[in-house]
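**Q** Below is the structure I would like to discuss, written out as structure tokens.
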Amino acid sequence: MIGSGSNARGAVSSGGVAPPDEAFLGVHDLTKNFFGVTVLDGVSLSLTAGKVHALLGENGAGKSTLINLLSGIHQPDGGTLRIDGQVVAFSGPTDAQRRGISTIHQEFSLFPTLTVAETLFAGRLPVNRIGLVDWRGIAAKTEAVMQQLGADIAPGRRVADLSIAEQQLVEIGRALTLKSRLIIMDEPTASLTPREVGRLKSVIRSLTAEGVAILFVSHRLEEVKELSDSFTVLRDGAVVARGEIADASIDDLVRWMVGRDLLEEGRHHAISTPGAIVLEVDNLSSRPRSARSAFVESISFAVRSGEIVGLAGLVGAGRTEIARLIFGADPIGSGSIRLNGHPFRPSGPGDAIAAGVALVPEDRKHQSLFPSLPISENFAAVGSVRPGPFGFLRRKAERLALQQFRDRLKLRAAGADAPIATLSGGNQQKVILARWLVLKPRLLIVDEPTRGVDIGAKLDLHHLLRELAADGVAILLISSDLPEILALSDRILTIRSGRLTGELAGREADEESLMRLMTLPKAAA
Amino acid sequence: APKGKDAEVTILVSSLTYAFPHFVFLQEQLEDEASKIGKVKILRADGQLSAPKQIADIEAAVVQGVDGIIIAPADADALAPAVKAAIDAGVPVVTIDRPVNGVPEVLANVAADNVKGAERQGEAIAAQFPKGATLINLQGIPGDKTANDRNKGLHTVLDKQPDLYKFVSEQTARFSRDQGLSVTENILTGLPEAPQVIVAANDDMALGAAQAVEARKLNGKIAIYGYDGSTDALKAVSDGSLAATVDQFPGKQGRVAVKTLVDFIREGTKPASADILVEPIAVTKANLSEAERIGTVTQ
Amino acid sequence: MSLASPTSLVRPRPPTNALAFLARFAPLIFLLLLMALFTFLAPRFLSSLNLFNVLRQVSIFGIVAVGMTFVILTRGIDLSIGALIALTGLVAAVVAKGGVTGRFELTSGGIGLAWYWAALAAILVGGIAGALQGVFVAKFTVPAFVVTLGGMTIFRGLALIIGNGGPISGFDENFGWFGRGMVGAVPVPVIVFLVVVVIAGVVLHSTRYGRSVYAIGSNPEAARLCGLNVNRTLISVYALTGLCSGLGGFLLASRLNSAEAVAGSQYELNVIAAVVIGGTSLYGGTGNIAGTVIGTLLIGVLLNGLVILNVSPYVQQLLIGAIIIGAVTFDILIKKYKR
Amino acid sequence: MSLASPTSLVRPRPPTNALAFLARFAPLIFLLLLMALFTFLAPRFLSSLNLFNVLRQVSIFGIVAVGMTFVILTRGIDLSIGALIALTGLVAAVVAKGGVTGRFELTSGGIGLAWYWAALAAILVGGIAGALQGVFVAKFTVPAFVVTLGGMTIFRGLALIIGNGGPISGFDENFGWFGRGMVGAVPVPVIVFLVVVVIAGVVLHSTRYGRSVYAIGSNPEAARLCGLNVNRTLISVYALTGLCSGLGGFLLASRLNSAEAVAGSQYELNVIAAVVIGGTSLYGGTGNIAGTVIGTLLIGVLLNGLVILNVSPYVQQLLIGAIIIGAVTFDILIKKYKR
Ligand SMILES: Nc1ncnc2c1ncn2[C@@H]1O[C@H](COP(=O)(O)OP(=O)(O)OP(=O)(O)O)[C@@H](O)[C@H]1O
Ligand SMILES: Nc1ncnc2c1ncn2[C@@H]1O[C@H](COP(=O)(O)OP(=O)(O)OP(=O)(O)O)[C@@H](O)[C@H]1O
Ligand SMILES: [Mg+2]
Ligand SMILES: [Mg+2]
């Protein structure tokens, strides 16, 4: 193992770690610039058949960019790629796929209007002798793949109707059907709950047993520790450390990534006794979408000022739906909500925001980002900085507000006028968080707030949430990341199939007790 | 067989379009005549300048069992098969404004030929400018039959003396007053000196041109010729902003057509000649009273 | 091989209730209601003569709508088809007459070629013109609206130049058969339309090419990542619509026994309306040929029925606009309510 | 954090090179090149008289293009504007003349109202018609293409009914001033156009409303979750375009001293072309008013220059189509190459 702390770069160059000869893919001295800014700077790496290699780094370190080069989406500005020792240059994503590299992208590339089955086999639909598509065969194969992933997703469902997590599973499923020699996974677990992550782990193990090489990106370091054989850490586009995972502790990894030691994350408990009830949900049900029963049914709970309440559940449990009902994003079927003691029935998100409720949605791409607009406009979109007379914008005040959060969340961006689409996934998430935090809501609902956010920023964000709670904000936290829920929540509610299955005090809960409640059969609830 | 003297008669009128005042006036006069004759029901179909639309309308009318059809065909060849089919199905047809080709069974063609009308327009120009003139020609919608015919008639007359009559600019203003105005402005800008004549394929364009001329303070220096004898144009002729317009007597055409058709349906009488030509005339200040729509102009 | 539809693969299907049924067949139901209304108001509407009339009237228009369905499925649009019909009609005419001189006589100035050369020329020119537009859409990523708007103007200009502004008329018997002939009781253009519909239906539903059209419309970026040749497919759908327009131009010239530069004007808007009424989404990725056929018939029935009912031409325009909006709104609302 | 430097967010910016400059001003550069070419071929083109001509000719068209920019920024489109110009022009005419009887006389049959009532009526009718279309787009989520295509047919039908197919002409002096008058050397419509441009520019760039227009075009779902009133904003942009069309209809009637149902035909395509040439994306969320002004001028210069050069009308069509495609392709390619 090489590399340590801030002098890591020197360590690498002098380390002379030659890529092993049996490498399937050798990456040598790769560089990439965007608009004259160097994003990757002499990155070398080798991926071996049957091994899992972890790629680590802060948000914006260059992980996805590297992956884009390996999967043929972008062309490198310098350096070489070798497959089985032969120098190659990919002409495009198809070329990379043909050479045995398939990629699970950080931003999904699915077909919303098509079925799951067709999405899985897009680009290589099996056909019969006269060239007509074999629909039955496709359906059968899809079921098999989904079973392998432990996902209960019917092949005929429209992708647009799937939840984020289900979409993630479809995205993974597609890479599995490709019969590749290298599978690149860019944060595949970011929106998955422990059950699916467990399945994915066993899938990865069986893949490596078959001799497939895996390149794995994740901000969840426990996972990385458990799954991978070796690792590379990127910082500012350069390799600062690499080695065998067995030789590195999580603390080491963190230090290399962020260039400093992080304070040990303590369990959070309410500093003072929580204040008055802010949110009170009574027998809330969603409006039935079909002839069947409502999806979220008879949910009752309360959140007090200064309290962080976690909502835990498996993929598709209905956590997001509860949040959307409270925020007025979906119509309420029955039941009532009280806010600060007054009845509250938002007719839309505008109402909720006016009443002091904020929701950071889970699906960044579809529910949060304005891709064609610059960072500053994305930040200011909720109108948190009140406009002047006649609705005239106060741009200077907006910039100052953004500046604060930029420092606070360590946002990496070329400037406030840069298009948000040029930011890395994690940095985009930070801008979105800042958008809502600056509102100073009374009730803050965060749905997977740290999806794709690196560990340093995640801790910063945790501190921020705690400060907000300490200031008297009521916080409803939805996260599939159990350690995160455990670390932050004063109380934890568990949801399964749209029903409340239990409540635990933050200090009593542990992963095991939570998982039991999350997987409780409906009848037992 | 004739239906009898007082039989109820239903007639489909497939006009070329109802968006041009020329055809609207024709229709109004036709319907007025029909009501004078009595017990004649007129069905309107809007050809929208489209042959397929008119074919569809004729087919629908035959299905519906009308007693006769009056049509102003968008295309002389395209409508021939449909007209033939209607006649074969026992529905007599009168063409109006212009004929269809190759269907001798048509009861009558009541028309004032556009080519002829444009010849009158050209002759009026020649009469006013016997020593020759420079001209701007504002044409109609490119490819449109009316536009082509009027352009042809004008050139037939004036091209006989190419040394005298020089077209310094020929542009389309798509039959619209708006474009008549802006295209004339543009042409005047481009010409080293103002022409003596602006001749337009309809009144709208001529009136637009008149405005451009007025804005340039060239009024009185350029003679503007319209076509159609519309109310606005007659008024402009009387106040001198237009030199002349051409009247094809659409009202008269409409009246004759419906009379001819009803007579045949009720009593089986055929017109003396299948070609009933209405002679178009150029209307100038001198013979303003001969214009058909002069009654609608109030001074 | 199996003809199972991609959607019939849904495992736990919601109970097929009345509303879901309505939603599935909304355009068809709308069409039937309209036909019932017309029949009630004018019983003659339902005569077989009239129904064949409607079919013949929509067939050319419908052939182009089939091509347009492909384009719209990829999120595109093609405004140039009307102009292309005019241009290709004139091309067919010029080939059939052997030139523009003597363009009104049956025995023309040049050496006229047989109908099949004329048809081939029209279809080829249509295909090439479409493909060129496709290149701008695919390679240069110019919005289809702009490319085909420009194309519309250019093709109309070319048609004017070719025909020198006037019509070319009078073709021989064989040429005319395609537009005016009958096979038994069925008009030839209707047969051509049906053949085009069946081929397009199979291609779209059951071939890799057809499915790639859907995939590209659904998410072009993902389609690229899946190794679909997005550019080639995009170019091909415009070429296909061009081919259909060429076929349409030939049939129209044959039917009218005349070709001219103003032919097919405003076809584009009616054709697009037909496709959208048939349930194909302008946002790409959903729709099918059956819907387009229904949309085509709806437009045809509308134009025919309103004339039979002797509605004033001005009011007709009003009703046509209202019914187009109504049909699409009906479809959308029912689909929304179903969920 | 420092209060002094809100710009300190800017990290090392890419060097502002020639290509970036080109990309930024591509439509303007294209316009200037075209003007240089025309001047070279016909020096008279550059006379101040002619430039004012062009300005006056584009002003009505440009006013509507400003409204259209809002619609296109929200990913919408409005095909109904040409028909709405005709309809509102007739409304203004009817109000000014006090009825349709005596529609050709200055002293009309009914009691004519002053110009401001006429203008108000036109603008109001335009606004209401636009808002109604907006309701279908926003509330019923019917694609704007369909709604405004239907609207186009409906409004044209209404215009025919109101004018009974004919023109209404001959208004009093005051009415005519807006279309034909001058303030100093500047034609009144040009001044109106400038005022509209400035107001729209400020609204779009510097108000909350303008920001929400961009946000909705960029991602409607995200906009809704940010608490923006998406429906109201969508309705408002169509209403706004309707208002602009109403103003345009009034100005056109005033300029021509006549209003008729066929006025404004094909305006929609030219207006959309102008907006897109100006760099506003049909996919929503990017574009601005300055670009639209340039696009408007480009179309105006094109129509003017080709006539001054006395290019054959057939060839003109060809050139206009080619230049529209060319201008947009130029813009897109340069922007792509810059990256
Ligand atoms: N298309 C682009 N244009 C300009 N800059 C880009 C582009 N793509 C990425 N960048 C920049 O490159 C850097 C690396 O981004 P990348 O997406 O590779 O980070 P990452 O390591 O995957 O981060 P995350 O953990 O947040 O996903 C960032 O600073 C980003 O702003
Ligand atoms: N009102 C509803 N009626 C029927 N199904 C619904 C309804 N609301 C949501 N669903 C479906 O329920 C599933 C998951 O819901 P939701 O997103 O609330 O779960 P979640 O607990 O947040 O899980 P995830 O980890 O997937 O985000 C999705 O497939 C969604 O389509
Ligand atoms: Mg990334
Ligand atoms: Mg969720």
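The values are calculated or read from the model by the stated rules, or taken from the named source; none is laboratory data. Only a predicted model underlies this, so the values are computations on that prediction, with no experimental measurement involved. Note: ideal-geometry Cβ built from the backbone for every residue, glycine included; neighbour counts use all protein chains shown. Accessible surface areas use protein heavy atoms only, side chains included; no ligands, DNA or RNA. Shrake-Rupley method; radii C 1.70, N 1.55, O 1.52, S 1.80 Å.
**Q** Classify the range D:227-314 as rounded, prolate or oblate from the Cα gyration tensor: take a ≥ b ≥ c as the square roots of its eigenvalues, call it rounded if a/c is under 1.5, otherwise prolate when a/b beats b/c and oblate if not.
**A** Details: a/c = 2.79, a/b = 1.39, b/c = 2.01.
Here the range D:227-314 falls in the oblate category.
**Q** Taking loop as defined by DSSP and a crowding limit of 14 other beta carbons within 10 Å, which GluC sites (Glu not before Pro) in the range B:161-268 fit?
**A** Working: sites: B:Glu170, B:Glu185, B:Glu193, B:Glu214, B:Glu267; in loops: B:Glu193.
Loop-located and lightly packed - B:Glu193.
**Q** Hey, what's the protein assembly as shown come to in accessible area per residue, 1.4 Å probe, Å²?
**A** On the way: 54870 Å² over 1502 residues.
On a per-residue basis, the protein assembly as shown sits at 37 Å².
**Q** Output the relative contact order of the range B:1-143, whole-number percent, from Cα pairs under 8 angstrom with separation of 6+ residues.
**A** Values: 199 pairs, mean separation 27.3, N = 143.
Here the relative contact order equals 19 percent.
**Q** Over the whole of D:205-212, what's the average partner chain Cβ count within 10 Å per residue? Rounded to a whole number, please. It would help to have the intermediate numbers written out before the result.
**A** On the way: counts 1, 8, 6, 9, 4, 3, 9, 3.
Counting other chains' Cβ atoms within 10 Å and averaging over D:205-212 gives 5.
**Q** How many percent of the accessible area of chain D is carbon or sulfur, using a 1.4 Å probe? The partial results should precede the final answer.
**A** Numbers: 8770 of 12430 Å².
Percent of accessible area from carbon and sulfur atoms in chain D: 71.
**Q** Rounded, prolate or oblate for the range C:180-339? Axes are the square roots of the Cα gyration tensor eigenvalues, ordered a ≥ b ≥ c, and the cut-off for rounded is a/c under 1.5.
**A** Details: a/c = 2.01, a/b = 1.27, b/c = 1.58.
Verdict is oblate for the range C:180-339.
**Q** At 7 Å along the Cα-to-beta-carbon direction for both B:Asp88 and B:Asp6, put a label point, then send me their distance in nm to one decimal.
**A** The answer from the label model is 3.8 nm.
**Q** Please name whichever of A:Ala505, A:Leu162, A:Ile130 sits farthest to the positive end of the charge dipole of chain A, dipole taken about the Cα centre and charges placed at Cβ: Lys and Arg +1, Asp and Glu -1.
**A** Sorting the options by dipole projection puts first A:Ile130.
**Q** Please give the helix C:230-256 orientation as an angle from the longest Cα principal axis of chain C, in degrees from 0 to 90, rounded to the nearest 10.
**A** Computed tilt is about 50 degrees.
**Q** Rounded, prolate or oblate: which one fits the range A:371-439, using the alpha carbon gyration tensor with axes a ≥ b ≥ c (rounded when a/c is under 1.5, else prolate when a/b beats b/c, else oblate)? Could the numbers behind the result be given before it?
**A** On the way: a/c = 2.00, a/b = 1.60, b/c = 1.25.
Verdict is prolate for the range A:371-439.
**Q** Where Lys and Arg each count +1 and Asp and Glu each count -1, what net charge lies around D:Ile63 among other residues with Cβ under 15 Å from its Cβ?
**A** Counting the neighbours of D:Ile63, the net charge comes to -1.
**Q** List the residues of the range C:154-170 whose accessible area drops by at least 30 Å² when all protein chains are present, compared with their chain alone, using a 1.4 Å probe and counting only protein heavy atoms.
**A** C:Ile154, C:Leu160, C:Ile161, C:Gly165
**Q** Can you tell which of C:Phe178, A:His105, B:Leu135 lies farthest toward the positive end of the dipole of the protein assembly as shown, using +1 and -1 charges on the Cβ of basic and acidic side chains (Lys, Arg; Asp, Glu)?
**A** Value computed over the given set: A:His105.
**Q** Shifting gears a bit: Treat every Asp and Glu Cβ in the range D:47-264 as -1 and every Lys and Arg Cβ as +1, leave all other atoms uncharged, and give the resulting dipole magnitude about the Cα centre to the nearest 20 debye.
**A** Values: 12 positive and 6 negative charges, 90 e Å.
Once rounded to the nearest 20, the dipole reads 440 debye.
**Q** Ok, one more. Using only Cα atoms, locate the centre of the range A:455-479 and the centre of the range A:21-45, then give the distance between them in Å, rounded to an integer.
**A** Cα centroid of the range A:455-479 versus Cα centroid of the range A:21-45: 36 Å apart.
**Q** To the nearest 20 debye, what is the magnitude of the charge dipole of the protein assembly as shown about its Cα centre, counting +1 on the Cβ of each Lys and Arg and -1 on the Cβ of each Asp and Glu?
**A** Values: 129 positive and 114 negative charges, 278 e Å.
It works out to roughly 1340 debye.
**Q** Measuring from centroid to centroid over Cα atoms, what is the spacing of the range D:178-252 and the range C:219-279 in Å?
**A** The two parts, judged by their Cα centres, are 34 Å apart.
**Q** Give me the percent relative contact order of the range B:9-86, please, defined on Cα pairs under 8 angstrom at least 6 residues apart. Numbers along the way, then the final one.
**A** Details: 108 pairs, mean separation 33.7, N = 78.
Result for the range B:9-86 is 43 percent.
**Q** What is the antiparallel percent of DSSP beta bridges lying wholly in the protein assembly as shown, to the nearest 5?
**A** Numbers: 59 of 131 bridges.
Of those bridges, close to 45 percent are antiparallel.
**Q** Going 7 Å from Cα along the Cα-Cβ axis for the label, what nanometre distances separate D:Ile191 from the same residue across the other copies?
**A** When each copy's label point is compared with this one, the spacings are 7.0 nm.
**Q** Continuing with the same structure: Grab the beta carbon distance between B:Ala127 and B:Leu218, set R0 = 25 Å, and tell me the FRET efficiency rounded to 0.05.
**A** Numbers: r = 22 Å, r/R0 = 0.87.
FRET efficiency, B:Ala127 to B:Leu218: 0.70.
**Q** How far, in degrees from 0 to 90, does helix D:115-138 lean away from the longest principal axis of the Cα atoms of chain D, to the nearest 10?
**A** The helix D:115-138 is inclined about 50 degrees to chain D.
**Q** Which residues among the range B:81-119 fall inside the zone where the amide N is under 17 Å from a point 7 Å beyond the Cα of C:Met182, along Cα→Cβ?
**A** Zone members listed by number: B:81-91.
**Q** For B:Val115, put the label point 7 Å out on the Cα→Cβ axis and report which residues of the range B:144-175 keep their amide N under 17 Å from it.
**A** Counting only backbone N, you get B:144-160.
**Q** For a label point 7 Å from the Cα of A:Glu210 along Cα→C-beta, name the residues of the range A:131-147 whose backbone N is under 12 Å from it.
**A** Backbone N within reach: A:145.
**Q** Percent of accessible area on the range A:86-217 owned by carbon and sulfur, 1.4 Å probe? Show your work: numbers first, answer last.
**A** Working: 2260 of 4640 Å².
After summing per-atom areas, the C and S share lands at 49 percent.
**Q** Moving to a separate point now. Rounded to the nearest 10 Å², what accessible area does C:Ser312 show when all protein chains are kept and the probe is 1.4 Å?
**A** Number for this one is 50 Å².
**Q** Follow-up. Suppose only helical runs count, i.e. DSSP H with n ≥ 4. What mean residue ellipticity at 222 nm does that imply for the protein assembly as shown under -39500 (n - 2.57) per run, divided by all residues and rounded to the nearest 500 deg cm²/dmol? Let's see the in-between values first.
**A** Working: 54 runs with 766 residues, N = 1502.
Helix contribution divided over all residues of the protein assembly as shown: -16500 deg cm²/dmol.
**Q** What accessible surface, in Å², does a 1.4 Å probe find on D:Tyr283, ignoring ligands, DNA and RNA and rounding to the nearest 10?
**A** Using a 1.4 Å probe on the heavy atoms, I get roughly 150 Å².
**Q** Please state the charge dipole magnitude for the range D:248-339, taken about the Cα centre, from unit charges on C-beta atoms (+1 on K and R, -1 on D and E), reported in debye and rounded to the nearest 20.
**A** Numbers: 5 positive and 3 negative charges, 91 e Å.
So the dipole magnitude of the range D:248-339 works out to roughly 440 debye.
**Q** How big is the accessible area of A:Glu222 in square angstrom, nearest 10, if you roll a 1.4 angstrom probe over the protein chains?
**A** 110 Å²
**Q** To test your reading of the geometry: what angle, between 0 and 90 degrees and rounded to tens, separates the Cα axis of helix D:188-206 from the longest principal axis of chain D?
**A** 40 degrees
**Q** At 7 Å along the Cα-to-beta-carbon direction for both A:Glu512 and D:Thr39, put a label point, then send me their distance in nm to one decimal.
**A** 8.5 nm
**Q** Using modelled amide H (1.01 Å from N, peptide plane; none on Pro or chain starts), what sits under 5 Å from the amide H of A:Leu476, excluding residues fewer than 5 places away?
**A** Those lying under 5 Å, H to H, from A:Leu476 are A:Val309, A:Leu444, A:Ile445, A:Val446.
**Q** On to the next question. Mean separation of Cα pairs under 8 Å and 6+ residues apart, divided by the residue count of the range A:371-439: what relative contact order is that in percent? Don't skip to the end; give the middle numbers.
**A** Details: 68 pairs, mean separation 34.8, N = 69.
Over the range A:371-439, the number comes to 50 percent.
**Q** For peptide B:60-67, what's the mean number of Cβ atoms from other chains within 10 Å of each residue's Cβ? Working shown, then result.
**A** Details: counts 15, 3, 3, 13, 9, 1, 1, 0.
Per-residue shielding by partner chains comes out at 6.
**Q** Hey, which aspartates and glutamates would be in cross-link range of A:Lys365, C-alpha to C-alpha under 16 Å, not counting anything within fewer than 8 residues on its own chain?
**A** Result set, ordered by chain and number: A:Glu107, A:Asp161, A:Glu166, A:Glu171, A:Asp186, A:Glu187, A:Glu377, A:Asp447, A:Glu448, C:Glu221, D:Glu221.
**Q** Further, regarding this structure: Considering every residue in B:16-28, what mean count of other chain Cβ atoms within 10 Å of its Cβ is obtained?
**A** So the per-residue partner count for this stretch is 4.
**Q** Would you mind telling me which residue in B:Gly143, B:Gly226, B:Gly47 has the biggest mean-square fluctuation in a Gaussian network model of chain B, where springs connect alpha carbons within a distance under 10 angstrom?
**A** The residue that fluctuates most here is B:Gly143.
**Q** Okay, moving on. For the range B:163-215 and the range A:486-508, what is the separation of their C-alpha centers, rounded to whole Å?
**A** Here the answer is 82 Å between Cα centres.
**Q** Can you compute the modelled spin-label distance between C:Lys139 and D:Arg232, with each label point 7 Å from Cα toward Cβ, in nm?
**A** 4.9 nm
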